[in-house]
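**Student:** Provided herewith is a single structure, encoded as structure tokens, for subsequent inquiry.
A short reminder: the numbers here are calculations on the coordinates, not readings from a lab. A quick note: this is a predicted structure, and the numbers were derived from the prediction, not measured. Here the Cβ positions follow ideal geometry from the backbone for every residue, glycine too, while neighbour counts run over all protein chains shown.
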Amino acid sequence: MQAKENLRRSAVTYGVLCACLLAAGVGAWIAARDTTSVQPPAQSTVRMTEATDYTPAQAPVQDIPLPETTETTEPPTIAETTEPPKRFTYPLGTFIVKDYSRGNLVYSATMEDWRVHNGIDFGDNRGQSVLAMGDGVVQTVESDPLWGVTVTIDHGSGITARYCGLEKDTAPAAGTSVEKGAVIGKLGEIPVESKEGPHLHLEVTVDGQPADPLEIIRTQ
């Protein structure tokens with residue numbers, strides 16, 4: 001009785017084992033089938049090519065005619081600034097023998113004393129032309145024992161000039177209108193300044209007051 005029971009248990013155990021093995025086999029078969037049905041993705045192949053010289057196609061160069069124009073454009077002109085002409089000029093070069101003393105006493109080699117020098121002495125050779133420093137009218141022509149032949153010209157605006165030391169009979173007559181740069185005589189001598197050599201003694205007054213002739217010439 002006991003032997004039959006043991007035989008029955010062994011049969012049951014064997015059946016269970018066989019069922020397990022069968023189930024395992026079926027599962028492995030299914031897994032293998034699924035694995036073979038899925039193909040791995042194909043690997044992309046990158047092909048390296050060697051660099052080659054590349055010259056883009058160029059369009060042929062053609063001369064494009066410009067449109068003809070009848071109008072010409074000129075650059076803008078810049079207005080030139082010019083200074084107005086000077087009203088006065090030098091009557092006898094620019095070599096100065098003695099300057100304007102501005103009321104101070106200066107020594108006179110001819111008179112051997114100290115005195116005020118109210119003019120400018122322009123030195124040059126005897127017989128040299130003396131010019132009117134500006135437009136004006138001759139007021140007087142005098143032969144002074146100290147200053148020689150003296151021509152006084154009214155240059156307007158209260159400005160009067162005395163040209164001392166001219167030669168005889170070379171000056172224009174009183175009342176003559178003269179222009180700037182016109183010859184009004186020849187250089188002679190000045191008795192009161194004879195040791196200074198030949199020169200023109202020029203005196204200028206403005207509204208009757210002595211003024212520096214150089215300042216008048218250079219500023220007007």
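**Student:** If I stretch the segment between I96 and K195 completely, what's the gain in nm (0.36 nm per residue apart, minus their alpha carbon distance), one decimal?
**Tutor:** Net length gain for the segment: 34.2 nm.
**Student:** Additional query: Using label points projected 7 Å from each Cα along Cα→Cβ, tell me how many nm separate M111 and D207, to one decimal.
**Tutor:** 2.8
**Student:** Among the chymotrypsin sites (Phe, Trp or Tyr not before Pro) within region 88-166, which fall in a DSSP loop and have no more than 13 other Cβ atoms within 10 Å of their own Cβ?
**Tutor:** Listed in order of number, the matching sites are F95.
**Student:** Let's see if you can work this out: charge +1 on each Lys and Arg Cβ, -1 on each Asp and Glu Cβ, no other charges. What is the dipole magnitude of region 96-219 about its Cα centre, in debye to the nearest 20?
**Tutor:** I would put it at about 140 debye.
**Student:** Could I ask something else about it? Can you tell me which lysines have their Cα less than 30 Å from the Cα of K98? Leave out same-chain residues fewer than eight positions away.
**Tutor:** K98 reaches K86, K168, K180, K186, K195.
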